[in-house]
Amino acid sequence: MTNVILKASSIVTMDPTNPRAEAVAFDDATGKILAVGTVADCQAAAPGTAVTDLGTTVLMPGFIEAHSHPMLGGMITQTPSYWIAPYMGYPHISDVHALWTKVNAELPPDQPVVFEGLDRLLQQASMPTNTDLDAFFPTRRAVVLDNSGHVAYFNSAVIAFNKWADGKPPPNPPGAHFGRNPDGTSNGIAYETAAQL
């Protein structure tokens, strides 16, 4: 039996009664988990085993990605992200605007925000530009992701944060592009994943 103890800044356990842990001990030969919890818990379960500190790493169970977007699914349900799809209680763009106003008033001014699931057809919304989003978020970085997953909208604070010279986005990455005003400056829209990232 070869025991291993790993310590990380956060260990995602997938156990709702103990969602985060400091360390995990396991038998490397069989893959059997011996303990999940504090370093002391793991050392008690695997005495004499050296602790390997992974530093700021987040350790979590592996996923088999069958194009079901588990990472994206987790991101859209965790703050500072807000799920704004019509079926999540925001049937019209006016409901989304009310949430934007509320969030901007309640969060600390330096807290960026992400809103997931804008459905322009069902919510009767136009394609928001940086100018539109600036009206709700004049200084806070704000990103709105389209329900399709193919478009991201962002405000002028995001453009400034990216330090794009004269507010002009970089050249379009392969298979993606940035929305641009007639003068070449960003209009706060990114199409497809390479530009969204």
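Measuring r between the beta carbons of residue 166 and residue 124 and using R0 = 41 Å, the FRET efficiency lands at 0.75.
Can you tell me the FRET efficiency between residue 177 and residue 53 if r is taken as the Cβ-Cβ distance and R0 is 41 Å, rounded to the nearest 0.05? Working from the Cβ atoms, E equals 0.45. Beta-bridge orientation, the chain: approximately 60 percent antiparallel, per DSSP, counting only bridges with both partners inside. When the Cα atoms of the chain are aligned to their principal axes, the ranges along those axes come out at 66, 37, 35 Å in descending order. Here the extension length gained between residue 17 and residue 38 equals 6.1 nm, from 0.36 nm per residue of separation less the Cα-Cα distance. Helix 93-106 axis versus longest C-alpha principal axis of the chain: approximately 60°, rounded to the nearest ten. Partner lysines whose Cα lies under 28 Å from the Cα of residue 7, excluding those fewer than 8 positions away in the same chain, are identified as 32. What does the helix-only formula give at 222 nm for the chain: each DSSP H stretch with n ≥ 4 adding -39500 (n - 2.57), the total divided by the residues, and the result rounded to the nearest 500 deg cm²/dmol? Per the formula, -5500 deg cm²/dmol.
For the pair residue 9 and residue 150, a Förster radius of 41 Å applied to the C-beta separation gives a FRET efficiency near 0.80, rounded to the nearest 0.05. By the count of other C-beta atoms within 10 Å, a proxy for reagent exposure, 115, 178 are ordered fewest to most as 178, 115. Sorted ascending by nearby beta carbons within 10 Å, beginning with the fewest, 153, 191 become 191, 153. By the count of neighbouring beta-carbon atoms within 10 Å, fewest first, 100, 164 end up ordered 164, 100. Taking DSSP loops as anything outside H, G, I, E and B, show the longest stretch in the chain free of trypsin sites (Lys or Arg not before Pro) there with at most 11 other beta carbons within 10 Å. Here the longest segment lacking exposed loop sites spans 33-162.
None of the figures in this text is laboratory data; all of them are computed from the coordinates on show. Not measured: the values here are computed from a predicted model. Cβ coordinates were reconstructed from backbone atoms using ideal geometry, including for glycine residues, and neighbour counts include every protein chain displayed.
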